[in-house]
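Quick notes on the structure that follows.
The values are calculated or read from the model by the stated rules, or taken from the named source; none is laboratory data. Keep in mind the model is a prediction, meaning the values are calculated, not measured. Because the Cβ atoms are built from the backbone with ideal geometry, glycine has one as well, and the counts that use them run over all protein chains shown. Note: accessible area is taken over every heavy atom of the protein model, side chains too, but ligands, DNA and RNA are not part of it. Shrake-Rupley method; radii C 1.70, N 1.55, O 1.52, S 1.80 Å.
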Amino acid sequence: MPGGLQDAAPLKGSVEQELRIVLLGLDNAGKTTLLKCLASEEVSTITPTQGFNIKSVHSHGFKLNVWDIGGQLLAVLLEQLLSPVEQCLLAI
Ligand SMILES: Nc1nc2c(ncn2[C@@H]2O[C@H](COP(=O)(O)OP(=O)(O)OP(=O)(O)O)[C@@H](O)[C@H]2O)c(=O)[nH]1
Ligand SMILES: [Mg+2]
């Protein structure tokens with residue numbers, strides 16, 4: 001499928017590119033699991049993220065600076081951001 005890191009891989013021998021990535025999603029969506037898999041870390045004992053994690057991972061010739069935002073924190077941020085204006089929020 002086009003659009004992945006594989007497609008964006010830099011040419012061999014070129015300087016490593018740095019990307020900032022933010023993982024957003026509901027609780028238990030698998031954000032931290034995905035980040036740990038990217039970092040080749042153990043995924044059997046993952047607990048819900050309190051606040052957020054920031055981790056740098058080297059993958060496919062890129063340095064990825066990944067922000068893993070806990071679903072609970074995202075819910076609080078969305079509520080505070082949107083409650084003055086929204087009457088209905090649809091997340092798909
Ligand atoms: N079956 C299955 N389970 C998964 C997958 N990815 C994650 N899980 C499980 O789903 C649960 C939640 O995963 P997390 O990575 O903690 O989810 P999260 O999005 O970081 O959750 P918060 O930190 O609460 O926002 C864990 O028990 C994982 O083992 C997947 O691809 N398949
Ligand atoms: Mg998490």
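Note on region 11-51: residues that are part of a strand (DSSP E or B) and closer than 24 Å to L90 by Cβ amount to 2.
Just so you know, in region 42-63 the residues that are touching an Asp or Glu at 6+ places or on another chain (Cβ under 8 Å) and touching a residue at least 24 places away in the same chain (Cβ under 8 Å) include one that is most open to solvent (accessible area, probe 1.4 Å), and it is H58.
Taking first residues from region 24-41 that are within 22 Å of A75 (Cα to Cα) and partners that are surrounded by 13 or more Cβ atoms within 10 Å (Cβ to Cβ) and among the hydroxyl-bearing types (S, T, Y), the Cβ contacts under 9 Å between residues at least 6 apart in sequence or on separate chains come to D27/T49; K31/T49; T32/T49.
Pairing residues of region 64-76 that are touching a residue at least 12 places away in the same chain (Cβ under 8 Å) with residues that are open to solvent by less than 10 Å² (accessible area, probe 1.4 Å), at Cβ distances under 8 Å and at least 6 apart in sequence or on separate chains, gives L64/V57; V66/L35; V66/V57; D68/L35.
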